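The structure appears below as structure tokens.
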Amino acid sequence: ELEKLDEEVYCDACIYGYNFFKYSPSTFAPGNKVIISESYRLGPGDKLKISYFGNETLSELRNINREGVVILPKIGPVSVAGQSYSEARSNIEREVENKLIGTAVSVSLEELRSINVYVLGEAYKPGSYTMSSLSTVTNALFMTGGVTENGSLRNIQIKRGGKVAETYDFYDFILRGNVNNDLRLEDGDVIFIPFIENTIKLGGAFKRPYLYEFRAGETIADAIQLAGGFTSNVQKSSNLELSSINGSGRTLKYFNITENLNTELKNGDSLNISGISGLEVKTIKVSGEVVNPGEYSIQK
């Protein structure tokens, strides 16, 4: 099993990030016993606990119905759907204060509703899923098995009401620990995973040499960040080798790591660096009836 794991994790032809979905797809499923954010949007199916104190003493559970209304004891209907938890609580407190003199109210969320979300495109298991209303895009990806190896990890679209509400970059999560763009899902949302468009292979003395997906407009400097930077034995005199495919084959360019590395990447690029300072650059040129003619570097 360990040998099999190593084979898959260090697969030369695999895009970095796919292996995160292979072994624990439900790890990031949200639990029900969590603190609810004040910005949580209430909707039909949520259950509130209404407790009165003072002249009236009463505690009851009340569901928000399909019209987005909660029926308060001794008061009647109050519309709360689409309001944040904080806004709904303030509205209920105001209703109680106006209609039940000398009575205070406590409002808490007792049970959360479920939502239906569609996961489509290059998803590992496309389909319709029922999940907690606290679920985010990351939760949904892990719960549904993730992305196929033809799918993009960096341009995942969240469609809401027929329009793209946000584009989600899974690399922000796994490489930078950034959850700011981890959109909370709503009922009827579509997570659409398009085909992968751009890849670059990083080899040599990078901290994490691998095949990566990059976004249009990203540069050599961005690619270096994807790999976590260089290992400790890369010196200022070290050169980067950029191998690119063009109409006539493959070309090589060299950059010192102290230069401004703002050259934009192209699909199929390969970026290499040696950890040994002062290596003389040697190349051969391959031409004629070969699949990928062009210049290639050689070392001793």
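List of remarks:
- Residue check, Asn292 free of Cβ contacts under 8 Å to residues at least 24 places away in the same chain, farther than 30 Å from Leu141 by Cα and surrounded by fewer than 19 Cβ atoms within 10 Å (Cβ to Cβ): no
- Whichever residue in the stretch 161-189 is among the charged types (D, E, K, R), open to solvent by 70 Å² or more (accessible area, probe 1.4 Å) and in a strand (DSSP E or B) and, among such residues, is modelled with the highest pLDDT: Lys163
- Taking (1) surrounded by 12 or more Cβ atoms within 10 Å (Cβ to Cβ); (2) under 21 Å from the mean Cα position of the chain (by Cα) in turn, Gly217 satisfies each apart from (1).
- Across the stretch 128-152, the qualifying residues are those that are in a strand (DSSP E or B) and hydroxyl-bearing (Ser, Thr, Tyr), and the one among them that is surrounded by the most Cβ atoms within 10 Å (Cβ to Cβ) is Thr136.
- Filter pass, Ser248 being open to solvent by 50 Å² or more (accessible area, probe 1.4 Å), among the polar types (S, T, N, Q) and under 34 Å from the mean Cα position of the chain (by Cα): no
- Selection within the stretch 252-271 - in contact with a Gly (Cβ under 8 Å, 6 or more places away or on another chain) and open to solvent by 50 Å² or more (accessible area, probe 1.4 Å): Glu264
So that you can scan it fast, the table gives a plain yes or no per residue for (1) open to solvent by less than 10 Å² (accessible area, probe 1.4 Å); (2) part of a loop (DSSP other than H, G, I, E, B); (3) hydroxyl-bearing (Ser, Thr, Tyr); (4) at pLDDT 95 or above:
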| position | (1), (2), (3), (4) |
| --- | --- |
| Pro44 | no, yes, no, no |
| Asn65 | no, yes, no, no |
| Lys74 | no, yes, no, no |
| Val78 | no, no, no, no |
| Ala81 | no, yes, no, no |
| Arg89 | no, no, no, no |
| Arg94 | no, no, no, no |
| Leu109 | no, no, no, no |
| Arg154 | yes, yes, no, yes |
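- Residue tally, condition more than 39 Å from the chain's Cα centre (by Cα) and of a type in the set (Gly, Ala, Ser), over the stretch 58-114: 4
- On the stretch given as the stretch 46-63, residues that are open to solvent by 50 Å² or more (accessible area, probe 1.4 Å), of a type outside the set (S, T, N, Q) and not in a strand (DSSP E or B) total 1.
- Odd one out for Lys300 among (1) over 27 Å from Cys14 (Cα atoms); (2) modelled with pLDDT of 85 or more: (2)
- Count - residues of the stretch 225-240 that are open to solvent by 20 Å² or more (accessible area, probe 1.4 Å) and not in a loop (DSSP other than H, G, I, E, B): 3
- Test: residue in the stretch 243-264 that is touching a strand residue (DSSP E or B) at 6+ places or on another chain (Cβ under 8 Å) and under 22 Å from Phe170 (Cα atoms): yes
The values are calculated or read from the model by the stated rules, or taken from the named source; none is laboratory data. Since we're looking at a predicted model, the values are computed, not measured. Reconstructed Cβ throughout: ideal geometry from the backbone, glycine too, with neighbour counts over all protein chains shown. Heavy atoms of the whole protein, side chains included, go into the accessibility calculation; ligands, DNA and RNA do not. Shrake-Rupley method; radii C 1.70, N 1.55, O 1.52, S 1.80 Å.
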